[in-house]
Amino acid sequence: MEKRAALILAAGKGTRMHSPKPKVLQKILGSPMLACVYQALKPLFGSDIITLVGHRADLVQASFPEEHFVVQNEQLGTGHALTCALPELCQKGYSHVLVVNGDVPLVTEDLLRRFLDEACGSDLAFATIQLDDAAAYGRVVRRNGQIAIVEAKDYDESRDGPVTGEINAGLYWLTIDLAKSLLPMLTPSPKSGEYYITDLVALACQAKARVQAVMLGRDNRLLGVNSPKELSEMEELLRQEIVQGLLAKGVICHAPELLRVGPLAQVEAGSELTGPCEIYGHSRICAGAEIASHCYLEESCVAEGARIHSFSHLSGAEVGVGALVGPYARLRPGAVLEEDSHVGNFVELKKARLGRGAKANHLSYLGDASIGQGTNIGAGTITCNYDGKNKHRTEIGEKAFIGSNTALVAPVRVGAGALVGAGSTITHDVPEDNLSVARAKQKNFAQRFRQHDEA
Ligand code: UD1
Ligand code: CA
């Protein structure tokens, strides 16, 4: 019985990116490239996905803690990479493996399905695409009914013939049995010293295995990202595709050329976006929500009818139905705005819940706090949540009124219906419905002369 796995090759250094970050963690519209590859593979392979990591494996593993990894300690090439994963593939009893380069962020489930449909029945199949310029890609060479992939560095026109533009996309399907018998026969490239997975093609032909090159036409979604330039080109391609998809499904997009919506984000029909703005991660914008220009959202949810005004920054925030945010608001992880609540300019929330209809409209910091329904937080109110060692909570009940410029020194509670006088520094709990004033009493002194007369 066929038991199939997917293997993602993600151990390479990505030298051409000139970045300390492993290449597969480079972001494309806010998500690591590798997240895009998982997104395409998951519907087809579920949990039968192995990721081969090596260079800065720790960083890649930490970014995807739920995934299954095998380590390639030395990066000796893509053929060596498959060799490193082979014991795991055998041990798990897989019969076939789809090998995918980890640097193809635009790969889709559809594309993989098309490839797999064509590939099935072969002992080894690989995807090819047609380019005008074969550039640095592995080139497909067909000779006397045999197929081979010759890497650009190793290409020799007198031996391999004129370059045709048909290149290897970096997607392979093969039986584990074939991998077992051919991988030990790989020899390092005389030019680069690397073991190439691509050399398996010629070896398989020589072994009379059923080898197939699956032509995917001119679809350059499968092109790998190797340099900053290629990353930006792919990012722009993906951006346009995503925005076109949003328009087609009924999202109102103003200045669509300036919208950057990530591949994992969900934007519902009937929502309204104005560019420039960025919506990344697993963000969700519901129908009837509006995101104004110059906003940045990641891992945030904006419910029906909520409005995010310009220059707001949201990360890990939840904005409830009909809530208003900004302009110039900052919602940090754990900020939860219940229905019809308001957060205005220069207000920062972190791990703070604003109850239904509650308002914090100006210049506040609310951290580790819960604010009851209908409560008003005056301008300049600060929750002093950190004592230099630990974080403490502030709890404010329903329909309370916190006067402007209040410091709430946590841990502290303000009861429902309480009123805190402006300028107070609250260090003790305020009981329900009490008025609390905690500031020095104003004293007026007669002056001998007016200050401004001095000058
Ligand atoms: C590779 C193919 C080339 C193809 C191109 C398509 C080889 C030898 N060449 O070239 O034919 O046209 O992809 O994009 O395979 N990796 C490891 N371990 C290693 C080396 C690489 O895991 O030791 C991973 C990299 O992280 C990367 C993938 O394998 O995700 C491909 O490696 P890369 O160096 O980008 O190969 P290319 O030169 O692009
Ligand atoms: Ca590549």
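Filter segment 30-78 down to residues that are part of a strand (DSSP E or B) and more than 18 Å from Val99 (Cβ to Cβ) and give me whichever is nearest to ligand 2 (Cβ to nearest atom). Spell out how you get there, then give the answer.
Filtering segment 30-78 for residues part of a strand (DSSP E or B) gives 31-32, 49-53, 68-71.
If we keep only those that are more than 18 Å from Val99 (Cβ to Cβ) as well, we get 31-32.
On the way: Ser31: 18, Pro32: 16 Å.
The qualifying residue nearest to ligand 2 (Cβ to nearest atom) is Pro32.
What are the residues in segment 166-185 that are within 12 Å of ligand 1 (Cβ to nearest atom) and surrounded by fewer than 21 Cβ atoms within 10 Å (Cβ to Cβ), if any? Please lay out each step first, then the result.
Looking only at segment 166-185, we keep the residues that are within 12 Å of ligand 1 (Cβ to nearest atom), and these are 166-172.
Selection gives Glu166 alone.
Looking at Leu223, Leu238, Leu231, which one is in contact (Cβ under 8 Å) with a residue 60 or more places away in the chain, farther than 20 Å from Val99 by Cα, out of contact with any Pro (no Cβ under 8 Å at 6 or more places or on another chain) and surrounded by 20 or more Cβ atoms within 10 Å (Cβ to Cβ)?
Only one candidate passes the filter, namely Leu231.
Go through segment 79-89 residue by residue and tally those that are under 22 Å from Pro22 (Cα atoms) and away from ligand 2 (no atom under 13 Å from the Cβ).
Summing the residues that are under 22 Å from Pro22 (Cα atoms) and away from ligand 2 (no atom under 13 Å from the Cβ) in segment 79-89 gives 6.
Glu272: within 20 Å of Pro256 (Cα to Cα) and touching a residue at least 40 places away in the same chain (Cβ under 8 Å), yes or no?
no
Could you please find all residues in segment 186-231 being among the small types (Gly, Ala, Ser), within 15 Å of ligand 1 (Cβ to nearest atom) and not in a helix (DSSP H, G or I)?
Ser189, Ser192, Gly193, Ala213, Gly224, Ser227
Which residue pairs have Cβ atoms closer than 7 Å, lie 6 or more positions apart in sequence or on different chains, and pair a first residue in segment 158-169 that is under 17 Å from Val201 (Cα atoms) with a second residue that is assigned to a loop (DSSP other than H, G, I, E, B)?
Final answer for the pair search is Ile167/Leu131; Ile167/Ala134; Ile167/Tyr137; Ile167/Gly138; Asn168/Tyr137; Asn168/Gly138; Asn168/Thr198; Ala169/Leu216.
Are any residues in segment 294-310 open to solvent by 40 Å² or more (accessible area, probe 1.4 Å) and either in a loop (DSSP other than H, G, I, E, B) or within 18 Å of Phe346 (Cα to Cα) (or both), and if so, which ones?
His294, Tyr296, Glu299, Glu304, Arg307, His309
Only residues that are within 15 Å of ligand 1 (Cβ to nearest atom) and open to solvent by 10 Å² or more (accessible area, probe 1.4 Å): list them for segment 1-19, please.
Selection gives Leu9, Gly12, Lys13, Gly14, Thr15, Arg16, Met17, His18, Ser19.
Looking only at segment 150-170, which residues are among the β-branched types (Val, Ile, Thr) and either more than 17 Å from Tyr195 (Cβ to Cβ) or in a helix (DSSP H, G or I) (or both)?
Those that are among the β-branched types (Val, Ile, Thr) and either more than 17 Å from Tyr195 (Cβ to Cβ) or in a helix (DSSP H, G or I) (or both): Val163, Thr164, Ile167.
Scan segment 90-125 residue by residue and report those that are acidic (Asp, Glu) and within 16 Å of ligand 2 (Cβ to nearest atom).
Asp103
When Val104 is evaluated against the numbered criteria (1) farther than 26 Å from Glu241 by Cα; (2) touching a residue at least 24 places away in the same chain (Cβ under 8 Å), which criterion, by number, is the only one it fails?
(1)
Regarding segment 166-189, can at least one residue be identified that is more than 16 Å from ligand 2 (Cβ to nearest atom), at pLDDT below 95 and farther than 21 Å from Val100 by Cα?
no
The values are calculated or read from the model by the stated rules, or taken from the named source; none is laboratory data. Treat the numbers as computed from the prediction; the structure is a model and nothing was measured. Here Cβ is always computed from backbone atoms with ideal geometry, including for glycine, and neighbour counts include all displayed protein chains. SASA here: full protein model, heavy atoms, side chains in, ligands and nucleic acids out. Shrake-Rupley method; radii C 1.70, N 1.55, O 1.52, S 1.80 Å.
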